[in-house]
1. Say R0 is 41 Å: what FRET efficiency, to the nearest 0.05, do Ala142 and Ala14 get from their beta-carbon distance?
2. Given a cut-off of under 8 Å on Cα pairs at least six residues apart, what relative contact order in percent is computed for the stretch 3-90?
3. To the nearest 10 degrees, how steep is helix 121-132 against the longest Cα principal axis of the chain, on a 0 to 90 scale?
4. What's the extension gain from Ala133 to Gln119 if we count 0.36 nm per residue and subtract their Cα-Cα distance?
5. Compute the acute angle (0 to 90°) between the alpha-carbon long axis of helix 138-150 and the principal axis of greatest extent of the alpha-carbon atoms of the chain; round to the nearest 10°.
6. Need the full-extension length gain, Ser72 to Ala33, defined as separation in residues times 0.36 nm minus the C-alpha distance. One decimal, nm.
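Computed from the coordinates by the stated procedures, all read-outs in this text should not be read as laboratory data. Given the structure is predicted, the values throughout are model-derived calculations rather than measurements. All Cβ positions, even for glycine, are placed from backbone atoms using ideal geometry, and neighbour counts span all protein chains on display.
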Amino acid sequence: MSTLKEQLQADLTAAMRERDQVRAGTIRMALTAVTNEEVAGKEQRELTDDDVLKVLAKEAKKRREAAEAYTSAGRAELADVEQAELAVLEAYLPKQLDDAELERIVREAVATSGATGMQQMGVAMKAANAAVAGRAEGGRVAAVVRTVLAG
């Protein structure tokens, strides 16, 4: 069992003891997503910490997008719930890169990949995502890669 998954289970128990419903519900949802990922496909497998982080990042992205949708629809109370869940999930994710650091890492990755134009976007994205390692959303990475390749 991965150590991050064990940490989530321990934190769930603590949140339930403290009667912190938002935290408990969010961690329970995250553990369900991890379990679903483990049993997806033909054979069951244990997820590594990196795999668990990817699942958590995907869940955080869902919360971020839902909060934006609720805000634009004028449903602030629902957006607040999503933001609270997002805050719980972000505690388990690596610190997100700021724009300057992200651009520096992407420029290095694109240079080492040998990509020179937009037709090599896939090669550049693969190198950039490997270098960023979950510390920035894919959309942000793609935007910076496009800027670097176009410039």
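1. Efficiency, rounded to the nearest 0.05: 0.65.
2. 28
3. 50
4. 2.7 nm is the gain from fully extending Ala133 to Gln119.
5. For helix 138-150, the angle is close to 10 degrees.
6. On the way: separation 39, 0.36 × 39 = 14.04 nm, distance 2.68 nm.
Full extension of this stretch gives 11.4 nm more.
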